[in-house]
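What follows is one structure encoded as structure tokens, with my remarks underneath.
Every number in this text was worked out from the coordinates using simple rules, so none of it is lab data. What you are looking at is a predicted structure, and each value in this text was computed from that prediction instead of being measured. When we count neighbours, we look across all protein chains shown, and the Cβ atoms used for this are built from the backbone with ideal geometry, even at glycine.
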């Protein structure tokens, strides 16, 4: 027996240790950006005081879509089919709108086979956090370019990419997505703030995370390698997240200019200006930032666009307040007299 | 002249989008209200306006509901099909034709009633003459056949509920048709309508609407759908009844409706709903089921309750989108890649459409697997007589779902895919419950739901799934048997063939052949089907397709000694089954078999 006193375990607002938010051991390549993102998901959920069993972990198929096994082990999850995670999430959401849906997808999943489902989930403004772990290549099938590969970028093997990439953030902004952010798996603090803000948002929150593939696309000629992204990242603003259970007064106010955005659950995301101020309420400003970055072969990160004025899918569906999963059978099945009335009306 | 009462077929040839459907339904409804056993078949094109449409009205005191084997009265309005329609008539047929169509009446061997339909219609209102023309022929038929004016007017009122101007206009037009015939022509044919006593009051309803009602009484909680003929009216039926059946006083519903971006998404939503613990469904047709195959396999393998209604149309590919067939049987039963086997419910009447509508959810949650309803365009989109729907006689079965912590704790060992009861059906917990949180997956898994590629895990899982679905056989709707004493020949059939089988049976009996009948109502096959085959020397499997899909399933599943007893009679041309064609094919098959 050790005579050293046990170290106090740090607990969150729910008195839960961080261990309550971890998952199984990753089987991804050592150094994979996706594992960093999994760690940020664990921290964000813990720090935000999310009840772990109230999360639904959703994914499609691919390296990224395997990761729900590696975080939030107390949550149910569904590793669905390639590119179709949004539709499965939509159905689950219709039945239980009170869960926090965290979807993880890859660039193959989201920008190719499943782009239609992503687009329509955005259109419906379904309440979910949708993380794209974007590395520009298909990993599980051993390194083919994906539809987000940058022009001129060259992966470990083969020719440089010549095909126009799909910028998922630009796409989302044009579709009226209500929360659009880009980050980098290596930027733990920024990604953490954005992710926590996305969890506090009502509506569809897209976070496109550049997440290097260490095996097939981490060479110097790749525009999605750790080295390249670190050298060529344009950060729109410093991001801080202030949870609703932590009053703003207690937070140190930064020097210089900043902008606070209040989120649906009363939390705040604070954007501190670095050089020029970015207005996340302006789709034009966001698209300009994306186009300028692309033209100079850079990656722009931060909260690109935010809109809290649109109704989310739950409001559009016109359902009872109780999540449908909890509506009792006797309410779901109309009574005998109702059928008698239907029969009588058909007879008349 | 001797009269022929209530035993003839009227064929009405018009163009799509001219309002002929309203006129035809008024005709059908008024005959129905007179107690005349009548059926209507809408042979419509995949088009909004302009292409040829035929509406076939069969009057039959015998209760035959199939389109007749020939036309007795032809109504001719459409110049596009005029010559063809005219040429196909048997001598002595009656032709009521639009004199203003600028077409020739070149048959001398028919009874001809020329009517200036367009001119009469213009008298009422030149602007809508085209629409009114249709109701004129209903007036002519009423006078010719002796249809009650009272019933006609009631049918008009039903068709144009509350629209006073439309009702008045149509009644005037009916009168013009009636009067023109009375004043200018005299009856020269044997066909008449005779009122019959209505013993049990009935109403007309389409199969799709009956399924929709059944689903709502089955507690459907989410409908995800993508429009496709001939299933759209099933989904729209649900949507139309939600305010009345599933909405509270504040206007909030207990059933979500999502129009999906495609059938793949619709299937994904249905699985998502089932995964979350709800009753999700979609309605589609063959092309939609083709697109849903990947998800169907996921539903089978991950064991997710989900309900899919397939209103079968003619395939393959886009096929004949507005014609009927029973050709999705194999695709539903063994849908998706890999070894699969699914529960399929096959209604043959509108009463069963309602019943299987609610039962599908119970089966799906009981067996934790996709369940299909297989209807077809004929059953789904045509109107059928119904005495009324019966309230579900069983409480909703939500299956083996562990909702309470104490129940969960009482399990000695819990695993999402652990066969605790030996029936192949495991227990499940729901997302949000915190109990046994697992990552559902379409990849191989062990009884705990954890990823596994171990040979034993895969083999045992596939064996259990087989045991689970096979175990459903005698729990599913049993076949309907009509057996003759010491009869050597049996006929197995399914679905909407129910509406033709009696006429086929009568034709066979007229040639001295007696047959027993067995209507299959579900897959996997009930043990009663095998017993039926065993009791007969030879069994014909009768179906509306080319390849004999049900015959194929029987051949695969029956013991060897029974396989040799089977014969296939499969035929499809897109038209609802006509008794004469199938009877002839059965007789040929019996001849080959030396029986």
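Summary of values
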read-out	value
Candidates A:296, A:105, A:20, ranked by Gaussian network fluctuation over chain A, Cα under 10 Å, top entry	A:296
Contact order relative to length of chain A, as percent, for alpha carbon pairs under 8 angstrom and 6 or more apart	15
Rounded to 10°, Cα long-axis angle of helix A:336-347 versus longest principal axis of chain A	80
Fraction of antiparallel bridges per DSSP, region B:432-582 only, in percent to nearest 5	20
Distance cut-off 18 Å, percentage of C-alpha pairs in region B:80-213 lying past it	63
Rg followed by Dmax, in Å, when the protein assembly as shown is reduced to its Cα trace	32.7, 118
Cα gyration tensor shape for region B:391-506, rounded if a/c is under 1.5, else prolate or oblate	prolate
Region B:352-389 residues near the modelled residue B:244 label - backbone nitrogen below 13 Å, point 7 Å along Cα→Cβ	B:389
Computed E for residue B:403/residue A:14 - FRET, C-beta separation, R0 22 angstrom, nearest 0.05	0.45
Among A:295, A:286, A:170: highest mean-square fluctuation, GNM of chain A, C-alpha pairs under 10 Å	A:295
Residues B:363, B:451, sorted so that the one with the fewest Cβ neighbours within 10 Å comes first	B:451, B:363
Rounded to 10°, Cα long-axis angle of helix A:188-199 versus longest principal axis of chain A	20
Nearest-ten-degree value, helix A:115-124 long axis tilted from longest Cα axis of chain A	60
Gyration tensor over alpha-carbon atoms, region B:480-592, equivalent ellipsoid semi-axes in Å	19, 17, 13
Neighbour-count order for B:497, B:1, A:58, fewest beta carbons within 10 angstrom listed first	B:1, B:497, A:58
Size of region A:18-317 as Cα extents on the principal axes (Å, biggest first)	52, 43, 37
Relative contact order computed over region B:1-96 (Cα-Cα under 8 Å; 6+ residues apart), in percent	35
Euclidean distance of C-alpha centroids, region B:204-243 and region B:144-168, integer Å	28
Average partner coverage of B:186-197, which counts Cβ from other chains inside 10 Å	0
Equivalent ellipsoid semi-axes, region B:1-91, via Cα gyration tensor eigenvalues times 5, rooted, Å	23, 17, 10
Length gained when the stretch residue B:514-residue B:459 is fully extended (0.36 nm per residue, less Cα-Cα span)	15.1 nm
Zone of residue B:2's modelled label, taken as backbone nitrogen in region B:501-531 under 12 Å from a point 7 Å along Cα→Cβ	none
Against the rule of thumb 2.2 N^0.38 Å, how large the Cα Rg of region B:4-192 comes out	0.94
Whole-number percent relative contact order across chain B, with pairs defined as alpha carbons under 8 Å at least 6 apart	12
Cα-projected label distance for residue A:310 with residue A:262, points at 7 Å along beta-carbon direction, nm	2.2
Simple label model, 7 Å out from Cα along Cβ direction - residue B:125 to residue B:530, nm	6.5
Residue exposure sequence - B:298, B:120 - by fewest surrounding Cβ within 10 Å	B:120, B:298
Length released on extending from residue B:411 to residue B:158, taking residue separation times 0.36 nm less the Cα-Cα span	85.2 nm
MRE, 222 nm, helices only [DSSP H, n ≥ 4, -39500 (n - 2.57), over chain A, to nearest 500]	-8000 deg cm²/dmol
Residues listed by number, region B:398-436, amide nitrogen under 14 Å from residue A:322 label point at 7 Å toward C-beta	none
All-pairs Cα distance distribution in region B:344-443, expressed in whole percent, bin size 5 Å	2, 11, 17, 17, 15, 11, 9, 8, 6, 3, 1
Size descriptor, Kirkwood hydrodynamic radius, that averages inverse alpha-carbon separations across chain B, Å	26.0
Cα-projected label distance for residue A:282 with residue B:564, points at 7 Å along beta-carbon direction, nm	8.7
Helical contribution to [θ] at 222 nm, DSSP H n ≥ 4, -39,500 (n - 2.57), averaged over chain B, rounded to 500	-12000 deg cm²/dmol
Stretchable slack from residue B:423 to residue B:546, in nm (0.36 nm times residue separation minus alpha-carbon distance)	40.6 nm
